[in-house]
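Notes for the one structure printed next.
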Amino acid sequence: MKARALLFALPLALFVSSEARAGIEDTFGLGPRAMALGGSYAARPGDYASAYYNPGGIAPGGSVAEHGGFSDFSAAFVYAHPTLRVTGANGGNIPTANVSDTAGLILGSRFSVGQPLHLDGLDMAFSVYLPAHLFEWQIRPDDDMQWALLTDRTQVISAHLGMGYRVTRWLSLGASLRASFDVQTLVRGQVTNVALAQDPKSGNTVVKTSTTLGTDAQVYGRVSPIFGAMVTPIDELRFGLVYRQRSFIDDYGNTRISGVPDLGDMGYTHRFAHYFEPSELTFAASVDVCECISLSADLTWNRWSEAYSTNRNAFPSLQWGDTWTPAFGARFHDGPYSIMTGYRFQKSPLDDFGGPSNLLDNDRHVVSLGGEVNLNDFWPSIDARITASVAYVILVERSETKNFELFQSDAALQSNAGYPSYSYGGHALATQIGVEAHW
């Protein structure tokens, strides 16, 4: 009857249902303007995206023109399509877990809190990203062939709420919260029927069972702080410093099945780190070269060495390393029109060194381009802008060769999905279009 008990355990191991939320910011950018500038946004004066990139930019210093009006509201649509490949040693394609297209809506606003109180320089901002498929993902073992940092990162909700205060004309400080949610999932089942039957194809005797399952999920809120400062020594020059605390989804719970023949009750406890965003420290600068040209540069340290894989680093060979991410942006302005371009290089934090894990991740070159039209120059009664951007993400080709010394047996080595070696890469094309209104 032990073999029969395994038949009950298998469906339990495959059945995990839960909910999680996280952000899109580091993948494609929070809004079309941030995407067009390559994410080099921590030293640029504010809009709603400052709640993530630098809360100090919510209430920027410098000229009055950059302070904004009483409020603004933005809405943008984002879409991205990845093209990915994994090639085995024999030249054939290796199937992987599906990476869905990204599609969603970004809403944001920046507004004055101080104006009604006659307190200049106190502003708030919020943003929320709503993906097309809410609360839907799969949790897979680390040795399953999967794109570790692509599969779910743009498929879950991202929300930020921040406040900035202009302490002096040259110094602005701010803080914001990034919201995420832990999930507790409890699965309960009852075996209702057990019978022996004959497989019509093989003729072997098999065990058929019926089980009723029920799921109870509870959501617990979690917030991660972001702190930022912006220094504006002169109107044309700005410096930014930002700290973002790590954020991850703790997906946990247990499963119990009653009435298993010869065993009674059985089950297991699970705990997954579904999504992980490392602690980050960003140094940034921007300069207005002239009235029509501005340049910006960000350098971000990402503390990936504290990261978890989905299965909490189940294999000892799995390695995470800290990385530096440079980003550059340029904006060219002429009358009602603006052209923006950017570049970002994201070093992969993940290296498996030939062990059982098959978590796929590549270094990335991200090249972006965007345009903006100020409608107020055509219709003075309408204070609004339309912004569109496109980004091309190049996944640098990478290869992996399995090391037999890292496996428990030859059988484990040869049954691994990546044995004996594979290479992988690809690209993604993303676009955002939005409208921003001021009043």
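The values are calculated or read from the model by the stated rules, or taken from the named source; none is laboratory data. Since the model is a prediction, treat every value here as computed from it, not as a measurement. Using ideal geometry, Cβ is built from the backbone for each residue, glycine included, and neighbour counts are taken over all protein chains shown.
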Could you check how many residues of region 51-72 are at pLDDT below 95 and either among the polar types (S, T, N, Q) or surrounded by fewer than 17 Cβ atoms within 10 Å (Cβ to Cβ) (or both)?
7
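Conditions (1) within 22 Å of Gly46 (Cβ to Cβ); (2) aromatic (Phe, Trp, Tyr); (3) touching a residue at least 60 places away in the same chain (Cβ under 8 Å), marked per residue:
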| site | (1), (2), (3) |
| --- | --- |
| Leu350 | no, no, yes |
| Asp363 | no, no, no |
| Ile382 | yes, no, no |
| Phe407 | no, yes, no |
| Trp439 | yes, yes, yes |
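Given the condition within 26 Å of the chain's Cα centre (by Cα), within 30 Å of Trp439 (Cβ to Cβ), of a type in the set (S, T, N, Q) and modelled with pLDDT of 90 or more, answer yes or no: does some residue in region 392-405 qualify? Give the derivation first.
To start, the set of residues in region 392-405 that are within 26 Å of the chain's Cα centre (by Cα) comprises 392-400.
In the following step, the residues that additionally are within 30 Å of Trp439 (Cβ to Cβ) were identified as none.
No, that holds for no residue.
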Residue, farthest from Asp144 (Cα to Cα), within region 351-387, restricted to residues that are surrounded by fewer than 20 Cβ atoms within 10 Å (Cβ to Cβ) and of a type in the set (Gly, Ala, Ser)
Ser381
So which residues in region 370-414 are of a type in the set (A, V, I, L, M) and either in contact with a Phe, Trp or Tyr (Cβ under 7 Å, 6 or more places away or on another chain) or part of a strand (DSSP E or B) (or both), if there are any at all?
Val373, Ala384, Ile386, Ala388, Val390, Ala391, Val393, Ile394, Leu395, Val396, Leu413
Failed condition for Pro225, given (1) modelled with pLDDT of 75 or more; (2) buried (at least 16 other Cβ atoms within 10 Å of the Cβ):
(2)
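Under the condition of being under 16 Å from Val86 (Cβ atoms) and in a strand (DSSP E or B), which residue from region 415-439 is farthest from the chain's Cα centre (by Cα)?
Checked region 415-439; the qualifying residue farthest from the chain's Cα centre (by Cα) is Ser421.
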Look through region 244-261, keep the residues that are surrounded by fewer than 20 Cβ atoms within 10 Å (Cβ to Cβ) and of a type outside the set (Lys, Arg), and return whichever of them is modelled with the highest pLDDT.
Gln245
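For region 85-177, please list each of the strands (runs of 3 or more DSSP E) lying entirely inside it that holds at least 2 residues being on the phi > 0 side of the Ramachandran plot and in contact (Cβ under 8 Å) with a residue 40 or more places away in the chain.
Passing ranges: none, list empty.
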